[in-house]
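Working notes, beginning with the structure itself.
The values are calculated or read from the model by the stated rules, or taken from the named source; none is laboratory data. Just so we're clear, the structure is a prediction, and the values are computed from it rather than from any experiment. Glycine also receives a Cβ, built like all others from the backbone with ideal geometry; neighbour counts cover every protein chain displayed. Heads up: the accessible areas ignore ligands, DNA and RNA and are worked out on the full protein's heavy atoms, side chains in. Shrake-Rupley method; radii C 1.70, N 1.55, O 1.52, S 1.80 Å.
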Amino acid sequence: MKRSLAALSALLLALSASACGGDDAEESGPVTLTLAGWSLATTPEFKTLADGFRAAHPDIAVELKEYDAANYDTQMIADLAAGKAPDIYVQKNLKNFYTYQNGKQLLDVSDVAGKLGSGVGGLSSYQVDGKTWAIPYRQDSWVLFYNKALFDKAGVKHPDGSWTWDDYGTVAKELTTKLKAAGDKALGTYQHTWQSTSQGFALGQTAGADLQSGDFGFLKPYYEKALALQAAGAQVSFGDATTNSLTYQAQFGKQSAAMMPMGTWYIATLLSQQAKGDADTFEWGIAPAPQATKSTTGTSATPVTFADPTGLGINPKISESRIEAAKSFLAYAASADAAKALAGIGVTPADTATAVDTIFTLKGAPTDDLSKFTFTTHDTKPENPVSKYTAPLQNVLKDLHTAVLSGSKPIDAAITEAQDRAKNEVLSK
Amino acid sequence: MTTIADTRRRRGRVVARNTAVGWSFLLPNFAGFVILTMVPVALLFYYAFTEWDVFGGATWTGLENFRQLARDASFWTALRNTLYYAAFHIPLTLGVSLGLALLLNRRLRGVAFFRTVAFFPYITSIVAIAQIWNMLFSPGFGPVNEVLRWIGVDDPPGWTTSADASMPAVIVVGTWRYMGYYMLLFLAGLQTIPAQLYEAALVDGAGAWQRFRAVTLPGLRHTTFFITVLLTIESFKVLDLILVMTDGGPGQSTLVLSQYIFQKGFEENQFGYASAVSVVLFAICFVVTVVQFVVNKRRSA
Amino acid sequence: MTTLLQTPPSRVADDELQPVRRLSGGRRVLGYLTLGVAAVVVLLPFYWMVMSSLKSNNDVFTVPVQWIATDPVWSNYLDIWSKSDMTTWLGNTVLLSAVVTLLQVFTGSFAAYGFAKVRFPGRDVLFLAYIGTLAVPWQSYMVPQFVMMSKLQLTDTLWAIVALQAFGALGVFLMKQFYETVPDELIDAARIDGMSEYGIYRRIMLPLSVPALASLTLITLVTTWNDYLGPLLYLRSPDLWTIQLGLKSFINQYNAEYALIMTGSVLSVLPILVIFLAGQRYFVEGIATTGLKG
């Protein structure tokens, strides 16, 4: 009993002692920055950035702190709340950027933003109240991956950048039929089970579509098309995809589908899976995502697509002496040098024009002009427009997504229900 | 006269001594428990009355969170689903695990193997569990529906992909997963029943069912109380199974309170509101537990 | 009374636990057959886990299901040791499970004696508070708890997990319910014999509660072994990872090594399986309360 009392008081002592003492000791000499990253063993982009920065700034070391890829934000929120987060941390998507920005967990980096080149995409999403709170280092965008070998086997003409969603639907069905005739079990296309597969395009491509309006009618045509593809058997049904935990990497990589709308992050994965043998070896390419109307199709126009940028922000608890070093790291991450280094490992940097020559020389990457056009030319809208309401609205729309695609609810009823929920549970707050 | 005062004093001393002894038993556990659980839980109760973004200070908003809850249709859906799950999961699991325990409480050849098998679902990776059951339930290719069609059901349910059948599917898997866990506790409880009671019952000519009613059930009273309370709490807090099997869908058909708390807190950054939902969840569990506790006390008195 | 306490507990033999009539040969076969079929259904996920551990990553999830790995990739079982820090993860998990289980079983059974057999004011209210906390979902207070732990300098150390798991209310509750089945007369007799409360706990209660202690040990062990959220929140440094945390690191943002995850899951179940099989006899060890007949 005595011993446990002693232990208890020791604990309480430790509690009060650590509550007063901080670690604001000013360091002298070489500066060490800490940087958050996830799955470091398999995600080389953080080390690439750290090494590249070190080469240009030999007096500043960058130490990586590992986080879990799937639960990054949960871990980061806990670390920030306890004051244990690293100096620089990643804004994985815009949904959580709002949480950090609104919770005053980001340092104003407007001065860094002011000096950036014009080719850096995604910057505007990080601007709130006239100030910039994070700097993008990668800006993926959704494109259409297609399997050239399967197209040839079916005898269907490759995509040429002129497709609307109707054209895409027709080709998906045609591919399915012709591949079957050719004795191949592959389906025309694979749209993954995520809500963004339908909703991201709908929000980005529909003129006047706005989540916060609480009017979700703009989703209807996109869901009707997705349901039609399922009904025609040109795509695995949503139910089978979820109950069998299908992965998009296997669906496209093992040639179970001839096309797949997906983000450009898949380029690096596909290249490495083909090299390792996890994916079959076949020729593939990327084409612009199908468009809502003819007006944005063709290589003389700029196709509209979507994706959130990935950015870096600075923890406001960083010690005064390291702020400048942290800012120069952010500036480096968005620079042309970093863009080339990232492209060298297959990552789509925020500045795609600078990177295009590097990424398409990687072994196994496509070399056609349409792929290059797709990579560099796009009007990429944010998947999660930054607002207080975005996260709860996306949760409402996720329920709509699963209800409609599983066939549990007709699209009109689901939209009405989602609008009611948005009005009563989200927008009224 | 002195004797009364004496007894009173003596009783006072006994109470003081007992209190000291009692606390000395509790302390090793209690010390850790207070610091690591009680204090954060107490904080949670405070946050339930605030607007809190988890990073900075919380703003006191009084009963506002609870007023909002009353109007929040999603909260009511989650509550209804949780009650639905609990209403079936508790009796089903109780029955199955008791049955298993009775069946496997023997020294037969191979019984050790079957006991291990029954415990297996509890230790197998939850990803594998979700995967297999979802596959078994798969509307197009799943064996479950194949069997149903074979026995003449024309339009078998879509299970985890249909709003009506997803909860029953989750309940089945929940029972399957936890039956071994509670079987183990029942097995431990069965060992406390003196064999003489069975012998006496046999001598009296009691049949198997009568022995079960007259000897086994009363002998298991403490264990059953414990298991019922645990099962209640576990059912009301169900989360990981839902996340891997249906993620609350399709639509909101399997959204439960625990998941709603996580959504409101970590996904939507409304930690004060999430705390309020937790307090409601706690209150429900607590009331149910206290009722069970009181009933149990009265019965043993 | 004195003598009865010294009566050695007589093991209840075989079928006496639950007298059953001997089944005839045919019914016995039928019984085993039913159990066998049930066992197959129960073991199906495990079978799938083993099969998936022998596939390559993109073959794990397919339509329709592949029940047999046509071209078994045995190298997964070698790769997992070279490709990852499986040895470190295993070591951490074993260490944590052992320490947590020891602490939980000791503090839990100790406190349970206070709750079950010592009468003092406020006991029942305190006990309700204990169970009450079981009813609060962890994810709703994990941030305040995390902040406290970090003030105690415990985050990112294995001690965080020990602190988190070792003082739970579950063990107290379980042991208390079990102790209550031990008749008060037995304890009063010991008190009259001059035994202290600590002596009664050690020399009477502990030996009598072997099945409950065994269940608690196993349950705590499995919970700690398979815990994912606790380590996820508290352990950042890769050299502190547990098996469950390590296996999840095979999932990165854009890809996942499902075959290796399944390989690791199979490997992580094996130690528990061995412990369960070895510990079998303790779960069904009869306790003799025979002495109280007279």
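Points worth noting:
- The residue that is modelled with the highest pLDDT, among those in the stretch C:239-294 that are outside any helix (DSSP H, G or I) and farther than 27 Å from A:Glu45 by Cβ, is C:Val284.
- Selection within the stretch B:100-141 - open to solvent by 30 Å² or more (accessible area, probe 1.4 Å), closer than 28 Å to A:Leu405 by Cα and without any contact (Cβ under 8 Å) to a residue 60 or more places away in the chain: B:Pro139, B:Gly140, B:Phe141
- Among the residues making up the stretch B:127-143, those that are more than 7 Å from every other protein chain (Cβ to nearest Cβ) and modelled with pLDDT of 80 or more are B:Ala130, B:Trp133, B:Leu136.
- Taking the stretch A:182-292 and the helices (runs of 4 or more DSSP H) fully enclosed by it, the elements with 2 or more residues that are closer than 21 Å to A:Ala391 by Cα and under 18 Å from the mean Cα position of the chain (by Cα) are at A:196-205.
- C:Phe127 being within 8 Å of chain B (Cβ to nearest Cβ), crowded, with 20+ Cβ neighbours inside 10 Å and of a type in the set (Phe, Trp, Tyr): no
- Hits in the stretch B:14-71 - residues which are small (Gly, Ala, Ser) and either open to solvent by less than 50 Å² (accessible area, probe 1.4 Å) or in contact (Cβ under 8 Å) with a residue 24 or more places away in the chain (or both): B:Gly22, B:Ser24, B:Ala31, B:Gly32, B:Ala48, B:Gly56, B:Ala58, B:Gly62
- Extreme residue, nearest to the other protein chains (Cβ to nearest Cβ), among residues of the stretch C:154-184 that are among the acidic types (Asp, Glu) and not in a helix (DSSP H, G or I): C:Glu180
- Scoring A:Lys95 on the criteria (1) farther than 28 Å from A:Pro385 by Cα; (2) among the basic types (Lys, Arg); (3) crowded, with 20+ Cβ neighbours inside 10 Å leaves a single failure, condition (1).
- Look at the stretch A:217-235: where a residue is open to solvent by 30 Å² or more (accessible area, probe 1.4 Å) and a partner is modelled with pLDDT under 95 and among the small types (Gly, Ala, Ser), sitting 6+ places away or on another chain with Cβ atoms under 7 Å, you get A:Gln230/A:Ser237.
- Failed item, numbered, when C:Ser97 is tested on (1) open to solvent by less than 10 Å² (accessible area, probe 1.4 Å); (2) of a type in the set (Gly, Ala, Ser); (3) within 11 Å of chain B (Cβ to nearest Cβ): (3)
- Here B:Val144 clears all of (1) surrounded by fewer than 19 Cβ atoms within 10 Å (Cβ to Cβ); (2) of a type in the set (Val, Ile, Thr); (3) within 26 Å of B:Val229 (Cα to Cα) except the condition numbered (3).
- Matching residues in the stretch B:1-50 - criterion: being more than 11 Å from chain C (Cβ to nearest Cβ) and either under 30 Å from the mean Cα position of the chain (by Cα) or not charged (D, E, K, R) (or both): B:Met1, B:Thr2, B:Thr3, B:Ile4, B:Ala5, B:Thr7, B:Gly12, B:Phe49, B:Thr50
- Note on the stretch A:24-55: among residues that are in contact with an Asp or Glu (Cβ under 7 Å, 6 or more places away or on another chain) and surrounded by fewer than 15 Cβ atoms within 10 Å (Cβ to Cβ), the one that is modelled with the lowest pLDDT is A:Pro30.
- Applying the condition of being in contact (Cβ under 8 Å) with a residue 40 or more places away in the chain and more than 27 Å from the chain's Cα centre (by Cα) to the stretch A:146-155 and asking which residue is nearest to A:Ala292 (Cα to Cα) yields A:Phe151.
- B:Ser166 meets all of the listed conditions (1) under 29 Å from C:Ala256 (Cα atoms); (2) more than 9 Å from chain A (Cβ to nearest Cβ); (3) in contact (Cβ under 8 Å) with a residue 24 or more places away in the chain but one, namely (2).
- Checking A:Gln291, A:Gln249, A:Gln273 one by one, the residue that is touching a strand residue (DSSP E or B) at 6+ places or on another chain (Cβ under 9 Å), open to solvent by less than 20 Å² (accessible area, probe 1.4 Å) and free of Cβ contacts under 8 Å to residues at least 40 places away in the same chain is A:Gln249 and no other.
- All positions within the stretch A:348-398 that are of a type in the set (S, T, N, Q), more than 14 Å from chain B (Cβ to nearest Cβ), closer than 30 Å to B:Glu268 by Cα and open to solvent by less than 20 Å² (accessible area, probe 1.4 Å): A:Thr348
- Any hit, the stretch A:78-93, residues being on the phi > 0 side of the Ramachandran plot, within 11 Å of another protein chain (Cβ to nearest Cβ) and modelled with pLDDT under 95: yes
- Qualifying residue in the stretch B:73-90 (condition: among the charged types (D, E, K, R), in a loop (DSSP other than H, G, I, E, B) and surrounded by 12 or more Cβ atoms within 10 Å (Cβ to Cβ)): no
- Applying the criterion of at least 3 residues that are in contact with a Lys or Arg (Cβ under 9 Å, 6 or more places away or on another chain) and over 23 Å from A:Lys92 (Cβ atoms) to the helices (runs of 4 or more DSSP H) found wholly in the stretch A:322-395 leaves A:352-359.
- Some residue of the stretch C:207-227 being over 30 Å from C:Met86 (Cβ atoms), more than 9 Å from every other protein chain (Cβ to nearest Cβ) and without any contact (Cβ under 8 Å) to a residue 60 or more places away in the chain: no
- In the stretch A:69-92, of all residues being open to solvent by less than 20 Å² (accessible area, probe 1.4 Å) and of a type in the set (Asp, Glu), the one that is nearest to C:Ala256 (Cα to Cα) corresponds to A:Asp79.
- Residue in the stretch B:218-239 that is touching a helix residue (DSSP H, G or I) at 6+ places or on another chain (Cβ under 8 Å), over 25 Å from B:Thr93 (Cβ atoms), more than 10 Å from chain C (Cβ to nearest Cβ) and open to solvent by less than 30 Å² (accessible area, probe 1.4 Å) present: no
- Residue in the stretch B:171-189 that is farthest from B:Ser235 (Cα to Cα), counting only those that are of a type outside the set (S, T, N, Q) and touching a His at 6+ places or on another chain (Cβ under 9 Å): B:Gly189
- Within the stretch B:74-126, the set of residues being among the charged types (D, E, K, R) and away from chain C (no Cβ under 11 Å) comprises B:Arg80 only.
- Listed by first and then second residue, the pairs with beta-carbon distance under 7 Å, at least 6 apart or on different chains, first residue in the stretch B:75-88 and under 13 Å from B:Met167 (Cα atoms), second of a type in the set (Ser, Thr, Tyr), are B:Ala78/B:Tyr260; B:Asn81/B:Thr254; B:Tyr85/B:Ser235; B:Ala86/B:Thr232; B:Ala86/B:Ser235.
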